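Trainee: Sharing a structure here in structure tokens format.
The values are calculated or read from the model by the stated rules, or taken from the named source; none is laboratory data. Everything numeric in this text was worked out from a predicted model, so none of it was measured. For neighbour counting, all protein chains shown are included, and Cβ atoms are generated from backbone atoms with ideal geometry for every residue, glycine included. Heavy atoms of the whole protein, side chains included, go into the accessibility calculation; ligands, DNA and RNA do not. Shrake-Rupley method; radii C 1.70, N 1.55, O 1.52, S 1.80 Å.
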Amino acid sequence: EGRSTEPPPRINYSATANQWEIYDAYAEDLVSKSKFVGEKEADVSEIHVRAINGNAAFNWRFIHTFKYAYLERKVIIPDEIEDKKFDPIITLNISDADPSIAPLPYGAVYLNLANCPRGAKTPAQCCMEMIDGYKKPPELVELEEKEGKPAAVPPKITYLSVFKKKKTLGWWPIYIKRGGYMYQTGMISCEMEVMTKAQAAKRPAGKGRGDPNTNPKIDEPIRIPTTFPVIDSKVKMVKFIWKSPNKPKLILGVVAQLVGGMVAGFLLNASTMVQDLIGSLTGGGDNTTTT
């Protein structure tokens, strides 16, 4: 019997990434983004305004649909000439809400859903050794040697297929690449689930916290209020000046106003001091002794 020339069956799948929390991403206004291989644009969460100590809460659902050849473990992107095949990689990144301030993400993690490192149970257990191909940067090695720290024993990293396990939850490090090395810039808590299109139809869920907010229900995140109108107006003014094409003129104008105010205050105080001095001298001359 000859081999079948039919391509492996392509199944319509849905991948859900429930984004919960971010730790140690030191920036102010943060957004979380999720992009699946083959997609042109990333889905973006709402803004967490003024993340405190680099920690942010999102409670946001991302949903991606795709065709998958299970036997090949490849995502299929239809093309007129020949279909393109890619590993089922989802990219989760943390970015500034204002691209003009920081156009590049503060950090990202790239997870292959067919061979995904098992997420850490707690933030303390989350480390860069979870990322395949990670090598500690030389400056970190040198710093540990100077501090006399013993060489850390690499944790045992296990991998899983989310297509087989169906769901996984944990903490993963986010990082940037620089000079051939990876540098951790935070960590992300996420729950990922993979279902066929038919299975997803039986467990409907909306993007973000939209309707239907089920499977699972995602509540509004609990955030410490950090909005103060007076401070906000000052911050907005500084941001406006910083991004303005006339920034040098605006900065010069602010400096001129500050210097002018200082000079005016000095002259006013000097005038008052002179008047007081003249008054004291005049009063002293009038004090004569009579006999």
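Trainee: I need every pair where a residue in segment 187-202 that is farther than 27 Å from LEU30 by Cα has its Cβ under 6 Å from the Cβ of a residue that is open to solvent by 20 Å² or more (accessible area, probe 1.4 Å) and modelled with pLDDT of 95 or more, sequence separation at least 6 or different chains.
Mentor: Correct list of pairs: LYS197/ASN12.
Trainee: What number of residues within segment 193-233 are surrounded by 11 or more Cβ atoms within 10 Å (Cβ to Cβ), at pLDDT below 90 and farther than 22 Å from ILE22 by Cα?
Mentor: Total meeting the criteria: 3.
Trainee: While we're here: Restricting attention to segment 152-177, and to residues there that are β-branched (Val, Ile, Thr) and more than 23 Å from TYR23 (Cα to Cα), which single residue is most open to solvent (accessible area, probe 1.4 Å)? I'd like the intermediate steps shown before the answer.
Mentor: Within segment 152-177, the first condition is being β-branched (Val, Ile, Thr), and the residues that meet it are 153, 157-158, 162, 168, 174, 176.
Adding the requirement that they be more than 23 Å from TYR23 (Cα to Cα) leaves 153, 162.
Working: VAL153: 129, VAL162: 0 Å².
The selected residue is VAL153.
Trainee: Tally time: how many residues in segment 1-18 are out of contact with any helix residue (DSSP H, G or I) (no Cβ under 6 Å at 6 or more places or on another chain) and at pLDDT 95 or above?
Mentor: Of all residues in segment 1-18, those out of contact with any helix residue (DSSP H, G or I) (no Cβ under 6 Å at 6 or more places or on another chain) come to 1-11, 13, 15-18.
Add one more test, that the residue is at pLDDT 95 or above, and what stays is 13, 15-18.
So the answer is 5.
Trainee: Among the residues of segment 151-184, count how many are among the hydroxyl-bearing types (Ser, Thr, Tyr) and under 17 Å from the mean Cα position of the chain (by Cα).
Mentor: Kept after step one, since they are among the hydroxyl-bearing types (Ser, Thr, Tyr), are these residues of segment 151-184: 158-159, 161, 168, 175, 181, 183.
Add one more test, that the residue is under 17 Å from the mean Cα position of the chain (by Cα), and what stays is 175, 183.
Here the count works out to 2.
Trainee: Same structure, new question: Any residue at all in segment 59-76 that is modelled with pLDDT under 95, out of contact with any Ser or Thr (no Cβ under 7 Å at 6 or more places or on another chain) and under 21 Å from MET182 (Cβ atoms)?
Mentor: Scanning segment 59-76 turns up no residue that is modelled with pLDDT under 95, out of contact with any Ser or Thr (no Cβ under 7 Å at 6 or more places or on another chain) and under 21 Å from MET182 (Cβ atoms).
Trainee: OK, next. Could you tell me whether LYS149 is modelled with pLDDT of 85 or more and either exposed (fewer than 11 other Cβ atoms within 10 Å of the Cβ) or in a loop (DSSP other than H, G, I, E, B) (or both)? Can you show your working first?
Mentor: Values: modelled with pLDDT of 85 or more: no; either exposed (fewer than 11 other Cβ atoms within 10 Å of the Cβ) or in a loop (DSSP other than H, G, I, E, B) (or both): yes.
In short, no.
Trainee: Next up: Would a scan of segment 109-127 turn up a residue that is open to solvent by less than 30 Å² (accessible area, probe 1.4 Å) and within 16 Å of the chain's Cα centre (by Cα)? Give the derivation first.
Mentor: Of segment 109-127, the ones open to solvent by less than 30 Å² (accessible area, probe 1.4 Å) are 109, 111, 113-114, 116-117, 119-120, 126-127.
From the residues that got through so far, the ones that are within 16 Å of the chain's Cα centre (by Cα) too are 109.
Yes, segment 109-127 contains at least one residue that is open to solvent by less than 30 Å² (accessible area, probe 1.4 Å) and within 16 Å of the chain's Cα centre (by Cα).
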